[in-house]
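The values are calculated or read from the model by the stated rules, or taken from the named source; none is laboratory data. Here the structure is a predicted model, which is why all the values come from computation and not from measurement. A quick note on method: Cβ atoms are made from the backbone with ideal geometry, for glycine too, and the neighbour counts reach across all protein chains shown. Areas reflect the complete protein model, heavy atoms only, side chains present, ligands, DNA and RNA absent. Shrake-Rupley method; radii C 1.70, N 1.55, O 1.52, S 1.80 Å.
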Amino acid sequence: MALINENYLKLPGSYLFAEIGRRVNKFKQENPDANVIRLGIGDVTRALPPAVIDSLHKAVDEMSVEDTFKGYGPEQGYSFLIQKVIEYDYLPRGIKLDEDEVFISDGSKCDTGNIQEIFGIDNKIAVTDPVYPVYVDTNVMAGRTGVINESGRFENITYLSCNAENHFVPELPKNRVDIIYLCFPNNPTGMTISKEELKKWVEYAKANQSIILYDAAYEAYITEKDIPHSIYEIEGAKEVAIEFRSFSKNAGFTGTRCAYTVVPKEVMAYTSKGEAYPLNKLWNRRQTTKFNGVPYIIQKGAAAVYTEEGQKQIKALINYYMTNAKTIREGLKSVGLQVFGGVNAPYIWLKTPNGLDSWAFFDKLLNEANIVGTPGVGFGPSGQGYFRLTAFGSQESTEEAVSRFKTRLKL
Ligand SMILES: *Cc1c(COP(=O)(O)O)cnc(C)c1O
């Protein structure tokens, strides 16, 4: 008799987006003429930069002749792309990496999900609340947690509350934890962390022989000075942190798929006997065994991000979304709403007015202004009373949405 992995049964259905869909469909049936604007999506909408398209075309042609055809490539990624990553994303910030410390992959979702495999089952993990669900769900699947309780939290996970009071930067855990997931700039709050605050986490990790899994998918959206783009800007972080980056949000690769993970050779975890072991070796082993590498064509497309044209074009892309973020942020402020984020990230996190819960505000916004957003509580219990809007819409629909906040929403 084949047994299933019963840990999967601990996971609740993907309630959030299903429930949003259900409510929007019902509204549309009842109001067929309403023009519904979606500011709930966490996906980009602008086309790929022309430099990327050119490079993809050329790579396709290379595949058409034996001389330049590529079969299986290195699982860790091609050197031409890794070199660019190091040269453009790290060296200018004073961070030196070797080629074998960067692993090209098909996504940060997969990498942040797969990384837990190289850690023992008995590790205590900590996540922020609200949180990107992948970090939690993959640990549930692995059996590192108990069941979910009525408040929506799994047993045996340490949840670090992020709210207006702590400026959406978690406090250090009171109990000892072994693995900490941090994401800055943050999805869903759109808020970020200062170097000083991040330093506390690196010190905590060093003192407790813990590991920080640092998701920097939104690094390119940072506009303020002094906000760390990489955790390795903090001294000593190479000993305790793995960093995840993606081309999804900076270059529009959500459907094209390319990302990378940095595992410095210094970063160690321990055997049960207490012997230090390099995580780089384990991740390399994991990837070479279970992953075939990102297609050559796609890596060529990603490499074009680092050309002069590519750099200009992705800056324009980010600027487009960040102009939307500003439009939303300022528009909502002008009607007296309390808003967070939207300065260093394409997400605006607003405090629901008049103490409404997240879903009540969802219904109100849909009914009065025909705008769809994401209830904050869907990202964790500490998101209750908050609401997420994204800057990934078109400029026109973003402006229209903001004007509806001003004229149609009864505050
Ligand atoms: C979008 C996003 C990513 C990127 O995931 P990909 O799999 O590379 O597309 C990573 N982390 C967070 C928190 C995100 O929102």
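Within the accessible area of region 53-307, the carbon and sulfur atoms contribute 49%, probe 1.4 Å, all protein chains present. Once the C-beta distance of Met268 and Ala2 is scaled by a Förster radius of 41 Å, the resulting FRET efficiency is 0.65 to the nearest 0.05. Pairs with C-alpha atoms separated by more than 26 Å, drawn from the list Lys109/Lys351; Lys96/Lys312; Lys225/Lys410; Lys10/Lys351; Lys26/Lys249, are Lys109/Lys351; Lys225/Lys410; Lys10/Lys351; Lys26/Lys249.
Couplings 3J(HN,Hα) for region 143-152, derived from phi with the Karplus relation 6.51 cos²θ - 1.76 cosθ + 1.60 (θ = phi - 60°), are x, 8, 10, x, 8, 8, 9, 4, 7, x Hz, where x marks Gly and Pro.
Projecting the Cα atoms of Asn114, Gly255, Thr398 onto the dipole axis of the chain, where Lys and Arg carry +1 and Asp and Glu carry -1 at the beta carbon, places Thr398 farthest toward the positive end. Rg of the Cα atoms in region 53-307, relative to 2.2 N^0.38 Å, amounts to 1.02. The spread of Cα positions in region 231-388, taken along each principal axis and listed from longest to shortest, comes to 56, 47, 32 Å.
If R0 equals 35 Å, the separation of the Cβ atoms of Lys124 and Arg22 corresponds to a calculated FRET efficiency of about 0.45.
Amide hydrogen proximity for Ser246: with H placed 1.01 Å from N in the peptide plane, the residues at 5 or more positions away or on another chain lying under 5 Å are Tyr260.
Only helices enter the 222 nm calculation for the chain: every DSSP H run of n ≥ 4 contributes -39,500 (n - 2.57), and dividing by all residues gives -10500 deg cm²/dmol, rounded to 500.
Exceedance of the 18 Å cut-off in Cα-Cα distance is limited, within the set Lys84/Lys206; Lys124/Lys206; Lys238/Lys265, to Lys84/Lys206. Just add up the charged neighbours of Arg257: K/R +1, D/E -1, any other residue whose Cβ is under 12 Å from the Cβ of Arg257. That sum, taken over residues with Cβ under 12 Å, equals -1. Remark on Leu356: its backbone amide H falls under 5 Å from none of the residues 5 or more positions apart or on other chains, H modelled at 1.01 Å from N. Distance between the modelled labels on Thr407 and Lys333, one decimal in nanometres: 2.4 nm (7 Å Cα→Cβ projection).
Can you give the Kirkwood hydrodynamic radius of region 79-152 from its Cα pairs, in Å with one decimal?
Evaluated on region 79-152, it is 14.9 Å.
Tell me, what is the percent relative contact order of region 53-307, built from C-alpha pairs under 8 Å that lie six or more residues apart?
25
Considering only Met141, Met322, Met268, the mean-square fluctuation computed in a Gaussian network model of the chain, springs between alpha carbons under 10 angstrom, is largest for Met141. Mind checking which of Ala369, Ala276, Ala251 has the largest fluctuation in a GNM of the chain, springs on alpha carbons under 10 Å? Largest GNM mean-square fluctuation: Ala276.
Among Asp33, Asp54, Asp43, which one shows the highest mean-square fluctuation when the chain is modelled as a Gaussian network with alpha-carbon springs under 10 Å? Highest fluctuation among the options: Asp33.
Looking at the chain, send over the antiparallel percent of its DSSP beta bridges, to the nearest 5.
Antiparallel bridges make up about 55 percent of those DSSP assigns within the chain.
Ligands, DNA and RNA are left out, and with a 1.4 angstrom probe the accessible area of region 96-194 is 38 Å² per residue. Only the Cβ atoms of Lys and Arg (+1) and of Asp and Glu (-1) were treated as charged; on that basis the dipole of region 53-307 about its Cα centre amounts to roughly 320 debye.
With the simple spin-label model, which puts each label point 7 Å out from Cα in the Cβ direction, the Glu165 to Lys312 separation comes to 5.1 nm.
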